[in-house]
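**Q** Pasting in a structure now, in structure tokens, and then I'll have a few things to ask.
The values are calculated or read from the model by the stated rules, or taken from the named source; none is laboratory data. Quantities reported herein were computed from a predicted structural model and do not represent experimental measurements. Please note: Cβ atoms are built from the backbone with ideal geometry, for glycine as well, and neighbour counts cover all protein chains shown. We work out accessible area using only protein heavy atoms, side chains counted, and drop any ligands, DNA or RNA first. Shrake-Rupley method; radii C 1.70, N 1.55, O 1.52, S 1.80 Å.
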Amino acid sequence: MNNETIVVIGAGVVGLTTALHIQQHLHPSQNVLIVAREFPNTTSLNYASPWAGAHYRPVPGSSPQSARENSQARRTYEYFKHLAAEDPSSGVQLIDGEEHLESPPSEYLHEANIQSAYAHLDGFRRLTADETPPEVKWGVRYRTYVVNSPVYCAYLLRKFVLNGGQTREYTLVDPMEAFELPGTETGTVTTVVNCSGLGFGDPKSFIIRGQTCLVRNPCSVTITRQNSDGTWSFCIPRPLSGGTIIGGTKQPHDWSPTPSLETRKQLLANAAKWFPFSKESGGQFDVIRDIVGRRPAREGGMRIEAERVGGDRFIVHAYGAGGRGFELSWGVAQDVVQLMFENGLARQKASL
């Protein structure tokens with residue numbers, strides 16, 4: 001039987017997780033190659049994963065997109081819970097999370113939405129009025145996970161390579177190019193998995209600029225706060241002494257690569273006011289760096305589908321996670337492999 005190479009495009013958190021999961025369902029004659037412009041040892045504005053704050057906060061909603069993302073997020077939550085317990089070196093840790101909303105959107109006022117989005121979380125409960133600041137109208141607490149994103153991306157890549165995976169740093173212009181890449185010595189390519197973030201010229205794709213600030217000050221919980229003007233503030237401790245991410249902004253279609261000092265001032269002022277940093281901080285922050293990244297978003301949510309592109313060739317698309325790459329990553333990887341099963345591109349039984 002001829003050898004076959006499955007090419008995964010992209011080494012962000014979705015690409016790395018998907019490649020790792022595919023490895024568990026290979027025929028003996030199959031291998032996996034990740035082809036990407038950037039890998040976890042590089043930093044680039046357009047390579048969003050290592051910049052991410054990376055914690056899990058459910059997003060209630062009743063649309064089909066919300067239902068799909070809730071399912072993916074629930075499965076990822078279970079996976080990260082297990083990983084945090086089994087292998088802390090992954091950079092994943094379970095901690096308490098809180099949300100404080102001053103002006104909750106309508107999705108937060110429907111009990112069915114809340115149950116659907118939050119009921120699976122360990123320790124989930126509503127906060128009483130005396131447990132939140134006076135202006136907060138809606139508050140919850142639950143066990144969640146936080147991720148030291150550069151450590152976790154490097155961990156995924158290391159596991160992938162140890163499992164026999166191959167990597168190639170290469171900038172693809174079109175996903176069809178991936179079918180021609182590996183050459184005959186590593187095997188023909190009939191399956192390409194497109195985890196490229198923005199896709200290739202997909203008109204529904206767009207970037208959301210995010211600016212955050214990484215500080216040395218420790219924090220024992222992750223808190224997300226919605227301010228009355230609709231902006232959001234959050235603090236996300238990074239495990240393994242990675243500091244704390246203070247955020248953040250969401251600026252669709254904003255391509256500015258330069259951190260704004262004004263934004264940093266506002267982020268830190270909000271954090272000093274609202275988040276439980278240790279008393280010795282005295283409202284002062286020891287800033288490591290300002291962070292700007294471009295989240296690869298898509299109208300209508302991620303594109304997850306198998307596309308036949310001639311003969312027995314398939315491109316399985318999985319891109320456009322926006323700011324939820326870590327939160328959806330394991331669920332997306334499972335959905336991609338399920339599409340591969342359905343099209344006969346991988347085997348059902350996991351190899352031991």
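**Q** Consider Cys219 against the criteria (1) open to solvent by 50 Å² or more (accessible area, probe 1.4 Å); (2) at pLDDT below 95; (3) out of contact with any Gly (no Cβ under 7 Å at 6 or more places or on another chain): it satisfies all of them except one. Which criterion is unmet?
**A** (1)
**Q** Does segment 310-317 include one or more residues that are touching a residue at least 12 places away in the same chain (Cβ under 8 Å), out of contact with any Lys or Arg (no Cβ under 6 Å at 6 or more places or on another chain) and assigned to a strand (DSSP E or B)?
**A** Looking through segment 310-317, at least one residue is touching a residue at least 12 places away in the same chain (Cβ under 8 Å), out of contact with any Lys or Arg (no Cβ under 6 Å at 6 or more places or on another chain) and assigned to a strand (DSSP E or B).
**Q** If you don't mind, there's one more thing I want to ask. Say we look at segment 95-154 and pick out the residues that are under 21 Å from Ala54 (Cα atoms), assigned to a helix (DSSP H, G or I) and aliphatic (A, V, I, L, M); which of these is least open to solvent (accessible area, probe 1.4 Å)?
**A** Out of the qualifying residues, it is Ala117.
**Q** Follow-up. Of the conditions (1) open to solvent by less than 20 Å² (accessible area, probe 1.4 Å); (2) not in a loop (DSSP other than H, G, I, E, B), Pro58 clears all except one; give me its number.
**A** Only one criterion is unmet by Pro58, namely (2).
**Q** Would segment 21-35 turn up any residue that is of a type in the set (Ser, Thr, Tyr), within 20 Å of the chain's Cα centre (by Cα) and at pLDDT below 95?
**A** no
**Q** Inspect all residues belonging to segment 322-336 and state whether any of them is open to solvent by 30 Å² or more (accessible area, probe 1.4 Å) and more than 25 Å from Ser149 (Cα to Cα).
**A** Checked against the condition, which is being open to solvent by 30 Å² or more (accessible area, probe 1.4 Å) and more than 25 Å from Ser149 (Cα to Cα), segment 322-336 yields no hits at all.
**Q** Additional query: Have a look at Val316, Val292, Val287 and point out the one that is buried (at least 22 other Cβ atoms within 10 Å of the Cβ) and at negative phi.
**A** Just a single option satisfies the conditions, and that option is Val316.
**Q** Filtering segment 295-313 down to residues that are under 25 Å from Pro64 (Cα atoms) and of a type in the set (D, E, K, R), which residue is most open to solvent (accessible area, probe 1.4 Å)?
**A** The qualifying residue most open to solvent (accessible area, probe 1.4 Å) is Arg308.
**Q** Tell me which residues, restricted to segment 27-55, are in a loop (DSSP other than H, G, I, E, B) and out of contact with any Asp or Glu (no Cβ under 9 Å at 6 or more places or on another chain).
**A** Pro28, Pro40, Asn41, Thr43, Leu45, Ala48, Ala52, Gly53
**Q** Now a separate question. Pairs please, first residue from segment 9-26 and touching a residue at least 12 places away in the same chain (Cβ under 8 Å), second anywhere and in a helix (DSSP H, G or I) and of a type in the set (D, E, K, R), Cβ atoms under 8 Å, 6+ apart in sequence or on different chains.
**A** Going by the 8 Å Cβ cut-off, the qualifying pairs are Leu20/Lys159.
**Q** Can you run down the residue pairs with Cβ atoms below 8 Å, 6 or more apart or on separate chains, where the first is in segment 246-266 and under 20 Å from Gly283 (Cα atoms) and modelled with pLDDT of 95 or more and the partner is surrounded by 11 or more Cβ atoms within 10 Å (Cβ to Cβ) and among the hydroxyl-bearing types (Ser, Thr, Tyr)?
**A** From residues that are under 20 Å from Gly283 (Cα atoms) and modelled with pLDDT of 95 or more, the pairs are Ile246/Thr212; Ile246/Ser233; Thr263/Thr249.
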